[in-house]
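Undergrad: Have a look at this one before I ask anything.
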Amino acid sequence: MDTGLTTISEADIDKHRATAQSMITRVIVMEDQSRDSSTPLAGTGRRFVSTVSAGSVRRTREVELTKTVASIRPDDQLMTIPQHALLFRARRGIAIALAIADVFARANDLEALQARNARAPLEGDEATRFRRLLSAAAYVSAFALGSYLLQLIDSDGEAPNDVRDPDFLFDTPQDALKSMIAGLDGALAGSKTDADLLTRARSFARLAIDGLLTRRGRFDGLGDFENAHIRIDADDFTLDGFDVAPGRKSKPLVMTFKRPDEVVGNHIAKFQSVKLAKMLMAYDFDRQMNPFVELGGFLFTFIGDGAPGTGKTTLIQMIAGLLHGYCQVAGYPFVYENFGVEQISSYQGKSGQNCRQFIDNVLNPRAIGFGTVDDIDQVAARRSDDRASAGQHEITGVLMAAFSGAMTVIRGNCSFGMFSNYPENVDDALRQRAGARWLVDGPQSRADYIDIFVLLAGKNHEIALGEHDLYAAQEIQRAVTTAYESHARPHEDGMLLVYERFIEANGAPKTMADIGTYLHMIKEAEPRFTGRAIKNVTDAIKMRAMDIELPDEWFEKPEAFMHRDYEAKKAMIEELRGPFDMEMVMQEVNRYADSEFRYADRADDADVSKMLRDARLRERAAKEMEELKAKGMWNA
């Protein structure tokens with residue numbers, strides 16, 4: 001199949017409209033009755049299926065989707081707008097799925113085999129290949145319908161637990177679509193309101209796609225469809241092979257954006273935020289790859305920590321604002337999503353599903369994405385914390401698999417940021433999956449405090465500024481150079497002891513072996529400084545080697561950089577980069593190791609404070625007990 005963008009014409013879709021109309025009006029399907037069970041599996045929406053044969057298990061069922069949708073309001077002969085919209089989407093989705101099956105058939109031998117089989121039944125190897133390709137076409141059509149419903153049905157309700165995946169049939173594309181319509185009809189049967197109708201339809205589409213993806217390995221004729229890019233402009237519907245689409249049409253982003261000059265302090269975090277936004281805009285939509293991923297230095301995940309009120313939310317607003325502006329210039333879709341505590345569900349398994357949906361939305365390879373997890377210590381629990389909810393543990397597992405799992409693919413179109421006031425409470429393995437550590441400590445110097453007060457006070461006054469060069473301390477290049485230089489020596493007391501022992505024994509580092517020795521000494525002092533920590537340090541060093549300021553004029557007009565082809569973008573970036581040196585290496589090692597010691601010290605401080613409080617309470621209780629005994633009021 002052509003790996004470029006395939007546009008299906010309306011004429012190709014319209015010729016299947018009559019078939020689609022008949023399917024939503026009335027179809028007869030064969031269903032496996034042995035699938036029904038009274039034993040639900042908690043949190044999965046599925047039921048236990050016995051492996052023992054139940055005899056005659058397939059029965060016919062008449063499915064009338066139009067009547068099922070209309071029955072939600074039996075007292076009204078006229079359907080509501082959501083009811084009409086759902087039926088239209090179902091009919092349109094069937095027609096598009098059949099048109100996509102035709103495209104699939106033309107890309108291989110299926111179309112020719114169908115014509116020959118119509119003249120005379122095929123035999124031997126040809127018959128086997130025909131059945132194999134026909135089943136693959138059926139699979140493709142079912143996946144296309146599920147993806148269409150998932151992208152085009154808009155619902156924000158919480159999915160019910162009684163929706164089941166369909167009893168798939170893969171004999172022909174028509175049979176596959178009939179089984180999908182039968183499954184959709186069953187999912188909608190319990191609807192009470194229009195909102196419930198849409199929620200159930202969307203939940204069914206998601207469940208159907210999950211079921212199809214688990215069955216994908218059964219079909220060996222799908223190779224031609226892997227790299228397909230199909231576009232239906234009239235519906236704003238895109239199908240990229242078997243990539244799961246984000247599941248809903250994007251809505252305008254509504255949030256308060258901040259400019260870099262409105263962020264006071266946090267110099268390194270601000271500098272890397274600006275770099276990250278420009279890095280993401282180097283993504284190539286045709287190759288679905290970013291030159292920064294290939295050249296090194298791309299920031300896929302990071303964690304920002306700091307006390308309340310130091311500017312974490314402001315940083316989020318600044319990154320989202322920069323990306324939103326760049327995407328408007330380039331004409332690219334932009335997706336921003338935040339995952340918060342409100343998405344932790346009381347239903348078993350639902351929290352993990354919500355988190356997986358959040359990840360999928362941001363990972364969508366046809367958009368520039370930025371995802372944040374605010375208050376990560378509240379959202380994702382330590383695996384050893386038995387007081388945390390099951391939902392928090394589910395989220396921890398999903399995030400760990402998504403950020404650095406066996407199936408993680410980093411294309412360079414998106415980045416995830418985790419933010420917390422208490423990062424020491426985040427699971428160690430999840431925290432180490434953050435490729436960069438941003439200390440968000442807010443304004444620090446006298447100049448920072450003058451600048452932030454003047455910025456927030458506004459201009460409704462005539463008070464003199466005084467002897468101060470306003471915002472000079474916020475000039476990002478000068479400020480970040482000073483901030484990086486400060487990490488020539490560690491900041492944390494525990495890390496400083498390791499550094500001084502190393503310098504005393506080895507002198508200033510000069511070779512790669514010296515750096516390895518230093519890293520090993522850090523590991524001995526802090527066991528959590530593992531191999532993944534070394535990878536994060538080397539990624540940070542590579543990012544510093546790519547410590548290039550992509551010119552602003554590259555982002556003022558799309559043709560200057562953003563609309564160039566992949567090789568041209570890569571060459572432009574390579575011209576700007578330089579090698580890293582020992583000074584950069586020591587600064588990044590110290591910065592990362594400082595964060596681990598800082599988290600450990602804060603965790604220890606919290607434990608010590610708790611022990612002291614418990615000791616004081618015991619002493620106070622003992623004293624009050626003695627007083628009660630002296631008064632004869634102690635009856636224990």
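Undergrad: Between LYS192 and ALA560, what is the label-point separation in nm under the 7 Å Cα-to-beta-carbon projection?
TA: Label-label distance for ALA560 and LYS192, simple model: 5.7 nm.
Undergrad: Please give the length that would be gained between HIS461 and ARG387 if that part of the chain were fully extended, namely 0.36 nm times their separation in residues minus their C-alpha to C-alpha distance (nm, one decimal).
TA: 21.4 nm
Undergrad: Just to confirm, what accessible area per residue do you get for the chain at 1.4 Å probe, in whole Å²?
TA: Details: 30910 Å² over 636 residues.
Heavy-atom accessible area per residue stands at 49 Å².
Undergrad: At a 1.4 Å probe radius, carbon and sulfur cover how many percent of the accessible area of segment 498-570?
TA: Numbers: 2080 of 3840 Å².
In segment 498-570, the share of accessible area belonging to carbon and sulfur is 54 percent.
Undergrad: Something else about it: On each of the three principal axes of the Cα atoms of segment 66-177, give max minus min coordinate, whole Å, ordered largest first.
TA: In descending order, the Cα extents are 56, 29, 22 Å.
Undergrad: Could the peptides 367-380, 8-21 be put in order, highest first, of the mean number of other beta-carbon atoms found within 10 Å of their residues?
TA: Highest-to-lowest ranking by the protection proxy: 367-380, 8-21.
Undergrad: When Lys and Arg each count +1 and Asp and Glu each count -1, what net charge do the other residues less than 13 Å away from MET562, Cβ to Cβ, add up to? Provide the component values of the computation, followed by the final result.
TA: Values: positive: LYS278, LYS557, ARG564, LYS569; negative: ASP284, ASP286, ASP552, GLU553, GLU556, GLU559, ASP565.
Value of the local net charge: -3.
Undergrad: Rounded to the nearest 0.05, what FRET efficiency do GLU294 and ALA621 have when you use their Cβ-Cβ distance and R0 = 51 Å?
TA: 0.20
Undergrad: Work out how far the C-alpha atoms of segment 338-459 reach from end to end along every principal axis, then list the three figures in whole Å, largest first.
TA: Per principal axis, max minus min of the Cα coordinates gives 52, 39, 26 Å.
Undergrad: Hey, for a label at GLU553 modelled as a point 7 Å past Cα toward Cβ, could you say which residues of segment 319-341 have their backbone N under 20 Å away?
TA: 326, 329-330
Undergrad: Which distance in nm do the two modelled labels at GLN444 and ALA630 give, with both placed 7 Å along the Cα-to-Cβ direction?
TA: 5.3
Undergrad: Once the principal axes of the Cα atoms of segment 285-364 are found, what is the range along each, listed largest first in whole angstroms?
TA: Over segment 285-364, Cα extents along the principal axes are 41, 33, 27 Å.
Undergrad: Now, a different point. Subtract the Cα-Cα distance of GLU567 and ARG259 from 0.36 nm times their separation in residues, and report this length gain in nm to one decimal.
TA: 107.8 nm
Undergrad: Express the carbon and sulfur contribution to the solvent-accessible surface of segment 288-372 as a percent, rounded to the nearest whole number, probe 1.4 angstrom.
TA: Working: 1360 of 2710 Å².
About 50 percent, which is the carbon plus sulfur part of the accessible surface.
Undergrad: Taking K and R as +1 and D and E as -1, what net charge do the other residues with C-beta under 15 Å from the C-beta of LYS510 add up to?
TA: -3
Undergrad: Still on this structure, please answer the following. Using bins 20 angstrom wide from zero, how does P(r) for the chain break down, in % of all Cα pairs?
TA: Histogramming the chain at 20 Å steps yields 16, 41, 30, 12, 1, 0 percent.
Undergrad: Order these peptides, 72-81, 207-216, by their mean beta-carbon neighbour count within 10 angstrom, highest first.
TA: Top of the packing list down: 207-216, 72-81.
Undergrad: Once fully extended, how much extra length lies between ASN506 and GLU226, figured as 0.36 nm per residue of separation less the alpha-carbon to alpha-carbon distance?
TA: Difference between extended and current length: 95.3 nm.
Undergrad: Quick one: putting +1 on the C-beta of Lys and Arg, -1 on the C-beta of Asp and Glu, what dipole do you get for the chain around its Cα centre, in Debye to the nearest 20? Please report the intermediate quantities before stating the final value.
TA: On the way: 78 positive and 95 negative charges, 377 e Å.
In total the dipole reaches around 1820 debye.
The values are calculated or read from the model by the stated rules, or taken from the named source; none is laboratory data. Only a predicted model underlies this, so the values are computations on that prediction, with no experimental measurement involved. Note that each Cβ is placed from the backbone with ideal geometry, even for glycine, and that neighbours are counted across all protein chains shown. Side chains included, ligands, DNA and RNA excluded: accessible areas come from the protein's heavy atoms. Shrake-Rupley method; radii C 1.70, N 1.55, O 1.52, S 1.80 Å.
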